[in-house]
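Asker: Supplied in structure tokens, the structure appears directly below.
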Amino acid sequence: MIDLKEILLNSNYKKETEELINISNLAYKHWETYWTGFNSTYVCEEILKDFENLNDFKFFIYGGFSSSQRSRIACFRGDNIPEEDALKSNFPAQGIKIIGNFLFDNATQDDFRSLLIENGFNERKVGDIWTIGDRGAQGIIDNSDIKHLNEKIFYLRDVKVKVNVVGIEELQIPPIRSKKLVNTVEASTRLDAIASAGFRVSRTKIIERIENGMLRLNGNKVNKPTINLKIGDKLELENKGFIEILNLEITKRERWKVKLLRK
């Protein structure tokens, strides 16, 4: 069994790390594959850094498609490694389509996520959610106890929506983003300035999203646009991907040359 106290000691994500430790013990005992709940893909990657030296276990990060922003970690014994295709085909999740007319009442991914959570779904059971124009949204959700969702009618504000449970292969998966270097010059290293430049979203809209808790810094929700960033920080904005700060350099005119990696 894994020494829980030793691994948790320096973890920045104690709740998530404890869950992975527990399923690792189950995987070792029962010779089967076990999955965590959904987390930010960034958080999944950070958690696994604490497990790199555990040769008895192997792990696999997956969220239903290759560029997902929310993923689960699969754990299995190092001497019983399944094929990657088998892990993907047995991924414990389903697709959902949330259908409604939002032509005159725009809704965000966060609105649709909140709709699911308000109707009984734990946040850790909800993967990526993305909008489909003004026709609603699609997403990925844990496949346990979802039969009651199929054909169910809800209201998001005043808009009537219908939820259909489908296979993940039936979804319109968001396009894969290629990695891109972004160079910009900003007046400061504030979160709102760098996020606006990196995600190519107006300053006003990025501040609104930050204040509404829709942006994550190093895996954690933040709501203050004035936070100063540093090299190595990673930002995540739902449906916009990730940006990582590669370099910050002050100029002679006391402005900041910023180098970002967007993916």
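The values are calculated or read from the model by the stated rules, or taken from the named source; none is laboratory data. Here the structure is a predicted model, which means the values were calculated and not measured. Virtual Cβ from ideal backbone geometry, glycine too; neighbours counted across all protein chains shown.
Asker: Quick one: is S188 of a type in the set (S, T, N, Q) and without any contact (Cβ under 8 Å) to a residue 40 or more places away in the chain?
Answerer: No; evaluated as a whole, the condition is false for this residue.
Asker: Here's a check for you: in segment 174-211, which residue that is basic (K, R) and modelled with pLDDT under 95 is surrounded by the most Cβ atoms within 10 Å (Cβ to Cβ)?
Answerer: Within segment 174-211, the match that is surrounded by the most Cβ atoms within 10 Å (Cβ to Cβ) is R209.
Asker: Quick check on segment 211-245: of everything there that is hydrophobic (A, V, I, L, M, F, W, C) and free of Cβ contacts under 8 Å to residues at least 40 places away in the same chain, which residue is nearest to L191 (Cα to Cα)?
Answerer: If we take residues in segment 211-245 being hydrophobic (A, V, I, L, M, F, W, C) and free of Cβ contacts under 8 Å to residues at least 40 places away in the same chain, then I227 is nearest to L191 (Cα to Cα).
Asker: L103 is checked against (1) part of a loop (DSSP other than H, G, I, E, B); (2) under 15 Å from the mean Cα position of the chain (by Cα); (3) not charged (D, E, K, R) and fails just one. What number does that condition carry?
Answerer: Result: L103 fails condition (2) only.
Asker: On to the next question. In this structure, is S40 at negative phi, without any contact (Cβ under 8 Å) to a residue 12 or more places away in the chain and of a type in the set (S, T, N, Q)?
Answerer: no
Asker: Restricting to segment 136-169, give me the number of residues that are part of a strand (DSSP E or B), of a type in the set (A, V, I, L, M, F, W, C) and in contact (Cβ under 8 Å) with a residue 60 or more places away in the chain.
Answerer: Adding up the residues that qualify gives 5.
Asker: Next question. For S178, work out the one condition from (1) under 23 Å from the mean Cα position of the chain (by Cα); (2) part of a strand (DSSP E or B) it doesn't fulfil.
Answerer: So S178 meets the others, but not (2).
Asker: Picking from D145, D110, which residue would you name as being of a type in the set (D, E, K, R) and either under 22 Å from P175 (Cα atoms) or at pLDDT 95 or above (or both)?
Answerer: So the residue among D145, D110 that is of a type in the set (D, E, K, R) and either under 22 Å from P175 (Cα atoms) or at pLDDT 95 or above (or both) is D110.
Asker: Limited to segment 224-240, what total is found for residues that are assigned to a loop (DSSP other than H, G, I, E, B) and modelled with pLDDT of 90 or more?
Answerer: Number satisfying all stated conditions: 9.
Asker: Take the residues in segment 241-258 that are assigned to a strand (DSSP E or B) and touching an Asp or Glu at 6+ places or on another chain (Cβ under 9 Å), then tell me which one is surrounded by the fewest Cβ atoms within 10 Å (Cβ to Cβ).
Answerer: Among residues in segment 241-258 that are assigned to a strand (DSSP E or B) and touching an Asp or Glu at 6+ places or on another chain (Cβ under 9 Å), the one surrounded by the fewest Cβ atoms within 10 Å (Cβ to Cβ) is K257.
Asker: Looking at K224, K263, which one is exposed (fewer than 15 other Cβ atoms within 10 Å of the Cβ) and either closer than 22 Å to P175 by Cα or touching a Pro at 6+ places or on another chain (Cβ under 8 Å) (or both)?
Answerer: Result: K263 is the single residue among K224, K263 that is exposed (fewer than 15 other Cβ atoms within 10 Å of the Cβ) and either closer than 22 Å to P175 by Cα or touching a Pro at 6+ places or on another chain (Cβ under 8 Å) (or both).
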